[in-house]
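Here's the structure, in structure tokens; my notes come after.
The values are calculated or read from the model by the stated rules, or taken from the named source; none is laboratory data. Model, not experiment: these values are computed from the prediction. Because the Cβ atoms are built from the backbone with ideal geometry, glycine has one as well, and the counts that use them run over all protein chains shown.
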Amino acid sequence: MPGEKFPISAKNNLVERREFLSGAATLAGASLVGGAGSTLLESSASAAPDPEPAPPSMTVDVERKLARWQDQRWLLDAVIATIGPEWDQGRLGGLAGIPNGAADAAGLRARIHKFNDMSREFARAAVRREREARQYEKEGRAVPAREGYFLAAHLYAGAQWPIFENTPDNIALNEKKNECYAKYIQFADHEIRRVEVPFGGGGKTLPGYLHLPPNASGRVPCVWSISGLDSNKEGGAAIYGDGLRERGIATLALEGPGQNECAIRGIYLTQTNWADAGRVVLEWLRSQKEIDPDKIALRGASLGSYLGTQVASIDARLKGAALQAMAVEPMMHTAFETASPSFKLRFLYYTGLGTEAELDKFLQTWTLKGVAEKVKCPYLLVGGEDDQLTPVEYGFQLMDLIPAPKQMILYEGAVHSVSGSPATTNGPSTGTFVAEWFKDRFDGKPMPSKLMKVDAGGKVHDFKFGDSRKSISIAQLWQGAEQRNNSPEKPVQVQEP
């Protein structure tokens, strides 16, 4: 909590270099953006140069919870120095879609050389953008104020990410993020409502934003957007050109158990409470006067593909569930034991568990088997053939379990974020494909079950799910081409949504 005091390391009150590099230099209570004695936020109201903030205050005890994080800490900094701040996943690309965000992304890439740079540099950029937005607001310039506050909120969220515990810094950054997003809502070009859905008793609530399409009349369809392990509710809808709003569809961007602000509130992830949250949230959403209760669907990304499947399994009224960037491997072995240790340490934070041993026990029963079989709504899974966090075989296994009408679109050579290959450049845009898929479901169009493989040239080839494993074979594509040449009256269907 703010103002909480941490013990100073012994040894003449000096912090060992190893502890400083692991983030412990602020154990004495130094704050990155707020709290007693902080000067960084004060600079937003003056023309004085930004002071040099302290490293993030994630305590050594947290970093030592995970063996691989501790053992590979030196290697992590070496990788960041070589690759940059996107060593484990893309986190700057989203900024490029925000006005002026590309410049901040370039600056962050240039200034971040080790893990401890992450929070400090994101916070510095956020403070600068917030200051600009306040000046635009003072001058009565609504559009740049809107854009500045939106960008600042995303930068504050980025500064939160490297702090995997509820430190004073994390709480202060969360408050600044909410403050800037509230100002964005004030100037937004569409109606946005901050919502709090009661969950779990004791006055606890799940926080989110309900985005309504402009010029809507009557009750409108709505998609509940479920973010991933490292995403947040602020990223649930674009500032401009949002694919769902453009189609007259509302978005509920809401954080559930374990995610971001919920973890700060002590609402942690369990094996089953996302299904419980799903019942509560969907009941709440159907009660909203702006929303058509018979036209609600789910969208999930990364970890949201797992959590979204849990929610889809408990509600037969849903019009569809579209999940992207697979995170469906039982026990999450690939993501948590072979990829960057940042994934597992953050997931440990989401669960609120105290040790890696407790988390490993938790993961022993982490599976969608027994859950996927209960999905009744149309189901779409969008994935990369070379997903480095969930091998594609687990996507096929999940689809084998889904009894409802189902589709899978697989991009040849693409990685977890469904990017990084010619197929994603030349083939259907995932954003457009998913938005049109939702529109079709709300319009009541029939959906045939099929597997779609996007090749490097951007062509979409249809397969039966029984041939799903063959779809990643080059020989199968050759065979398909040969069959098309020999049997032109029965071509393999090619779609270009």
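Counting only helices (runs of 4 or more DSSP H) that fall entirely inside segment 391-468 and contain at least 3 residues that are among the aliphatic types (A, V, I, L, M), the qualifying elements are 392-401.
Look at Pro422 and say whether it is of a type outside the set (A, V, I, L, M) and surrounded by 16 or more Cβ atoms within 10 Å (Cβ to Cβ). Answer is yes for this residue. Close contacts from segment 129-145, counting a first residue that is free of Cβ contacts under 8 Å to residues at least 12 places away in the same chain and a second that is outside any helix (DSSP H, G or I) and of a type outside the set (Asp, Glu), with Cβ to Cβ under 9 Å and a gap of 6+ residues or different chains, come to Gln135/Arg141. For segment 97-118, a residue qualifies if it is of a type in the set (S, T, N, Q) and either modelled with pLDDT under 95 or out of contact with any Leu (no Cβ under 7 Å at 6 or more places or on another chain) (or both), and exactly one does: Asn116. Does Thr167 meet the test of being under 25 Å from Tyr350 (Cα atoms), hydroxyl-bearing (Ser, Thr, Tyr) and surrounded by fewer than 22 Cβ atoms within 10 Å (Cβ to Cβ)? Considered against the rule, which asks whether it is under 25 Å from Tyr350 (Cα atoms), hydroxyl-bearing (Ser, Thr, Tyr) and surrounded by fewer than 22 Cβ atoms within 10 Å (Cβ to Cβ), Thr167 comes out as no.
When segment 40-69 is limited to residues that are surrounded by 14 or more Cβ atoms within 10 Å (Cβ to Cβ) and over 25 Å from the mean Cα position of the chain (by Cα), the one that is modelled with the highest pLDDT turns out to be Val60. Filtering segment 92-113 to residues that are among the charged types (D, E, K, R), surrounded by fewer than 19 Cβ atoms within 10 Å (Cβ to Cβ) and touching a helix residue (DSSP H, G or I) at 6+ places or on another chain (Cβ under 9 Å) leaves only Arg111. Of the candidates Ala312, Ala327, Ala321, Ala316, the single residue that is of a type in the set (A, V, I, L, M, F, W, C), surrounded by fewer than 20 Cβ atoms within 10 Å (Cβ to Cβ) and within 27 Å of Ile409 (Cα to Cα) is Ala316.
Would it be correct to say that Lys369 is buried (at least 18 other Cβ atoms within 10 Å of the Cβ) and among the charged types (D, E, K, R)?
Against the criterion (buried (at least 18 other Cβ atoms within 10 Å of the Cβ) and among the charged types (D, E, K, R)), Lys369 does not qualify.
Of the residues making up segment 353-370, those that are touching a residue at least 24 places away in the same chain (Cβ under 8 Å) and under 20 Å from Gln310 (Cα atoms) number 8. When Ile185 is tested against (1) out of contact with any His (no Cβ under 7 Å at 6 or more places or on another chain); (2) within 26 Å of Arg279 (Cα to Cα), just one condition goes unmet, and that condition is (2). The number of residues in segment 114-145 that are crowded, with 19+ Cβ neighbours inside 10 Å and of a type in the set (Val, Ile, Thr) comes to 1.
Matching residues to (1) in contact with a helix residue (DSSP H, G or I) (Cβ under 8 Å, 6 or more places away or on another chain); (2) within 28 Å of Thr424 (Cβ to Cβ):
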residue	(1), (2)
Pro341	yes, yes
Gly352	yes, no
Thr365	no, no
Lys369	yes, no
Pro378	yes, yes
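For segment 291-300, the condition holds for no residue, the condition being that it is surrounded by fewer than 24 Cβ atoms within 10 Å (Cβ to Cβ), in contact (Cβ under 8 Å) with a residue 60 or more places away in the chain, more than 19 Å from Leu212 (Cβ to Cβ) and among the hydrophobic types (A, V, I, L, M, F, W, C).
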